[in-house]
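The values are calculated or read from the model by the stated rules, or taken from the named source; none is laboratory data. As the structure is a computational prediction, the values presented were derived from the model and not from experiment. Cβ placement follows ideal geometry from the backbone for every residue including glycine, while neighbour counts extend to all protein chains displayed.
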Amino acid sequence: MHERRANPSTHLSKSRIMSGLQCEKRLWLEIYHPELKPVLTASQERIFAVGTTVGEVARDRFPGGRLVEAPFYDLPGSVRETAALVDRADLPHIYEAAFETDSTHVKVDVLSRIADGSWHLIEVKSTSSVKDEHVTDAAIQWHVTEGAGLSVTTCSLMHLNSECRYPDLSDLFTVEDISERAREVRARVPEIIDRMRAIVSQPTEPDVPIGTHCTKPYECPFTSHCWRDVPKHSIFTIPNLPSKTKDSLAAQGVLGTNEVSTDELNQRQAAHVEMVRRGEPVIDTEAVRAAIAELEYPLYFLDFETCADAIPRLDGLGPWHKYPFQYSLHVLDAGGTLTHHDYLHEDETDPRPALAAALCADVGPAGTLIAYNAGFERGVIGALAETVPELADQLRAMLPRFFDLLVIFRKHYAHPDFLGSNSIKNVLPVIVPSLSYKGMAVADGNEAQAVWASTITLPPGDEKSRALNQLLEYCELDTLAMVKIHEVLRGL
Ligand code: SF4
């Protein structure tokens with residue numbers, strides 16, 4: 001158990017309170033041991049950057065306002081600047097208005113003056129709907145803003161509108177009045193702040209068991225610290241075990257799969273636990289052979305990488321709509337010859353027409369297309385057919401030719417070391433130990449998306465070439481992994 005470091009800032013902010021509501025230990029660690037947080041990944045950095053951009057674009061919907069410009073670390077300066085702007089009756093809106101009440105500070109995305117002298121508080125989110133945590137977030141801001149002497153009569157959440165389609169961004173945002181919901185939560189905010197203060201004043205790390213709250217509503221940055229003693233085969237790897245059961249077991253200190261009584265589990269979960277106890281895979285060899293025998297050569301192992309923009313920038317797309325920017329394709333012919341093709345879009349233009357054309361050139365008229373979780377690849381090709389009508393027939397003709405490798409592992413092949421997941425990231429190192437994503441500069445789809453989104457804005461040069469090569473290597477491994485998995489299955 002950690003003791004607290006000396007003299008950190010124990011000031012409460014909205015973000016710290018939100019952390020404390022997720023987990024009291026998280027709040028305490030953020031104040032006293034922030035060094036336990038890992039460095040942000042490219043995809044986490046992208047999430048923060050997107051939030052900032054959406055907030056900035058949202059301000060355009062409230063013209064004539066002023067931004068509080070004091071730097072984020074100068075809290076007293078921000079509060080003073082806000083107070084001066086509040087006094088300017090001609091100013092309709094204040095962006096990033098800062099307030100402090102009882103050593104708790106908040107920044108309000110947009111504060112709009114209402115004719116009767118009261119204020120409309122608007123919180124901006126880059127999601128497509130209102131979530132419970134957004135209401136709590138706004139309620140804390142409301143409490144602190146009123147504590148600073150302003151009368152707030154309306155509270156809204158401004159989020160992205162899922163009906164919006166590029167290039168018409170006039171309806172990019174939806175503003176939902178959440179006053180009623182926020183008012184209910186607001187009544188509890190003083191009590192919440194008192195509780196947070198008590199946690200912050202504790203000399204040692206609060207004793208909070210791990211559980212499903214470690215990832216909900218947000219991924220906690222301290223999992224590598226708190227989860228360090230969780231065994232490889234843990235209760236969190238038992239398929240579809242309800243959150244309530246996991247939390248109850250974790251609270252009792254029951255973390256290992258072996259420690260769970262199978263009486264409390266359904267048939268599938270009990271079978272998983274028994275398999276872990278025996279330490280041996282369960283394979284329906286006949287079913288695997290029958291499935292593999294149906295494949296028609298040449299085999300096309302296909303994987304797409306996709307991106308999604310909060311603020312759409314490509315024709316016909318809405319907020320967070322996915323579009324492909326890269327694929328890798330390994331082709332295995334009946335004689336055993338393997339060839340590799342790929343496509344990676346390198347700039348900010350629309351990748352879909354060129355990618356669709358390359359795909360149609362690379363995929364011949366006969367043979368099975370193999371993907372891992374094929375519904376995704378099918379969905380991407382179906383959407384491409386809508387976007388690139390001149391290739392629609394060719395693209396749609398690919399759809400019935402798909403075979404889903406994932407189904408084999410869902411239905412016919414289980415292994416204790418898949419750790420309760422059939423994802424290719426879990427399956428590959430077990431059945432093809434010579435191939436691994438470990439140590440790759442880009443090691444998962446979220447990272448690939450973040451790296452691509454930042455790389456396409458770069459001018460040609462070494463940095464851009466290096467990032468593009470990392471993307472090519474990553475995507476190629478995804479399809480090579482399928483080739484090798486297929487080889488193992490064919491040898492059963
Ligand atoms: S990992 Fe879980 S237990 Fe640890 S601080 Fe985060 S939420 Fe709390």
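Taking segment 256-282 only, how many residues are buried (at least 16 other Cβ atoms within 10 Å of the Cβ) and either of a type in the set (Ser, Thr, Tyr) or touching a residue at least 40 places away in the same chain (Cβ under 8 Å) (or both)?
Summing the residues that are buried (at least 16 other Cβ atoms within 10 Å of the Cβ) and either of a type in the set (Ser, Thr, Tyr) or touching a residue at least 40 places away in the same chain (Cβ under 8 Å) (or both) in segment 256-282 gives 4.
For residue 343, all conditions in the list (1) within 30 Å of residue 51 (Cα to Cα); (2) surrounded by 18 or more Cβ atoms within 10 Å (Cβ to Cβ); (3) in contact (Cβ under 8 Å) with a residue 24 or more places away in the chain hold save one; what is the number of the exception?
For residue 343, the failing item is (3).
Mind checking which residues of segment 70-81 are more than 19 Å from residue 113 (Cα to Cα) and out of contact with any His (no Cβ under 8 Å at 6 or more places or on another chain)?
Going through segment 70-81, the residues more than 19 Å from residue 113 (Cα to Cα) turn out to be 70-77.
Of everything in segment 70-81, those that are more than 19 Å from residue 113 (Cα to Cα) and out of contact with any His (no Cβ under 8 Å at 6 or more places or on another chain) turn out to be 70, 71, 72, 73, 74, 76, 77.
Just one of (1) surrounded by fewer than 17 Cβ atoms within 10 Å (Cβ to Cβ); (2) farther than 21 Å from residue 475 by Cβ trips up residue 338, so point out which.
Unmet for residue 338, out of (1) surrounded by fewer than 17 Cβ atoms within 10 Å (Cβ to Cβ); (2) farther than 21 Å from residue 475 by Cβ: (2).
Which of the helices (runs of 4 or more DSSP H) contained wholly in segment 131-243 include at least 2 residues that are within 16 Å of the ligand (Cβ to nearest atom) and of a type in the set (Val, Ile, Thr)? Steps first, please.
On the way: elements: 132-147, 179-186, 189-200, 223-226.
Counting at least 2 such residues, we get 189-200.
Could you give me the residue pairs with C-beta distances under 7 Å whose first residue belongs to segment 208-227 and is more than 19 Å from residue 244 (Cα to Cα), whose second residue is in a helix (DSSP H, G or I) and more than 7 Å from the ligand (Cβ to nearest atom) wherever it lies, and which are 6+ apart or on separate chains?
Going by the 7 Å Cβ cut-off, the qualifying pairs are 222/36; 225/36.
Here's a check for you: in segment 391-434, which residue that is acidic (Asp, Glu) and under 18 Å from residue 488 (Cβ atoms) is surrounded by the fewest Cβ atoms within 10 Å (Cβ to Cβ)? I'd like the intermediate steps shown before the answer.
Taking segment 391-434 as the starting set, the residues that turn out to be acidic (Asp, Glu) are 393, 404, 417.
Then keep just the ones that are under 18 Å from residue 488 (Cβ atoms); that gives 404, 417.
Values: 404: 19, 417: 14.
My answer is 417.
Residues are listed down the side, and each one gets a yes or a no for (1) over 23 Å from the mean Cα position of the chain (by Cα); (2) acidic (Asp, Glu); (3) within 16 Å of the ligand (Cβ to nearest atom):
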| position | (1), (2), (3) |
| --- | --- |
| 41 | no, no, no |
| 58 | no, no, no |
| 67 | yes, no, no |
| 81 | yes, yes, no |
| 94 | yes, no, no |
| 100 | yes, yes, no |
| 109 | no, yes, no |
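Looking only at segment 244-276, count how many residues are more than 17 Å from residue 421 (Cα to Cα), part of a helix (DSSP H, G or I) and of a type in the set (Ser, Thr, Tyr).
Matching residues across segment 244-276 total 3.
Taking segment 283-321 as the search range and keeping residues that are free of Cβ contacts under 8 Å to residues at least 40 places away in the same chain and not charged (D, E, K, R), which one is surrounded by the most Cβ atoms within 10 Å (Cβ to Cβ)?
Filtering first and then ranking leaves 321.
If you take the residues of segment 435-457 that are surrounded by fewer than 16 Cβ atoms within 10 Å (Cβ to Cβ) and of a type in the set (A, V, I, L, M, F, W, C), which of them is nearest to residue 42 (Cα to Cα)?
By that ranking, first place goes to 441.
Can you spot a residue in segment 120-128 that is surrounded by fewer than 23 Cβ atoms within 10 Å (Cβ to Cβ), without any contact (Cβ under 8 Å) to a residue 40 or more places away in the chain and in contact with a strand residue (DSSP E or B) (Cβ under 9 Å, 6 or more places away or on another chain)?
Checked segment 120-128: at least one residue is surrounded by fewer than 23 Cβ atoms within 10 Å (Cβ to Cβ), without any contact (Cβ under 8 Å) to a residue 40 or more places away in the chain and in contact with a strand residue (DSSP E or B) (Cβ under 9 Å, 6 or more places away or on another chain).
Conditions first: (1) in contact with an Asp or Glu (Cβ under 6 Å, 6 or more places away or on another chain); (2) touching a residue at least 24 places away in the same chain (Cβ under 8 Å). Residue 443 passes all but one, so which condition is the exception?
(1)
Assess whether residue 41 counts as being of a type in the set (Ser, Thr, Tyr) and either more than 23 Å from residue 151 (Cβ to Cβ) or in contact with a Phe, Trp or Tyr (Cβ under 8 Å, 6 or more places away or on another chain) (or both). Reasoning before the result, please.
Details: of a type in the set (Ser, Thr, Tyr): yes; either more than 23 Å from residue 151 (Cβ to Cβ) or in contact with a Phe, Trp or Tyr (Cβ under 8 Å, 6 or more places away or on another chain) (or both): yes.
Judged against the criteria, residue 41 is a match.
Can residue 338 be described as hydrophobic (A, V, I, L, M, F, W, C), closer than 18 Å to residue 449 by Cα and in the same structural domain as residue 458 (by TED's automatic domain parsing)? Even if it seems obvious, please write down each step before you answer.
Details: hydrophobic (A, V, I, L, M, F, W, C): yes; closer than 18 Å to residue 449 by Cα: no; in the same structural domain as residue 458 (by TED's automatic domain parsing): yes.
The answer is no for residue 338.
Among (1) free of Cβ contacts under 8 Å to residues at least 12 places away in the same chain; (2) more than 30 Å from the chain's Cα centre (by Cα), which single condition is residue 248 missing?
Checking residue 248 against (1) free of Cβ contacts under 8 Å to residues at least 12 places away in the same chain; (2) more than 30 Å from the chain's Cα centre (by Cα), the one that fails is (2).
May I ask you to list the residues in segment 143-202 that are closer than 25 Å to residue 97 by Cβ and among the aromatic types (Phe, Trp, Tyr)?
Listed by number, the list holds a single entry, 173.
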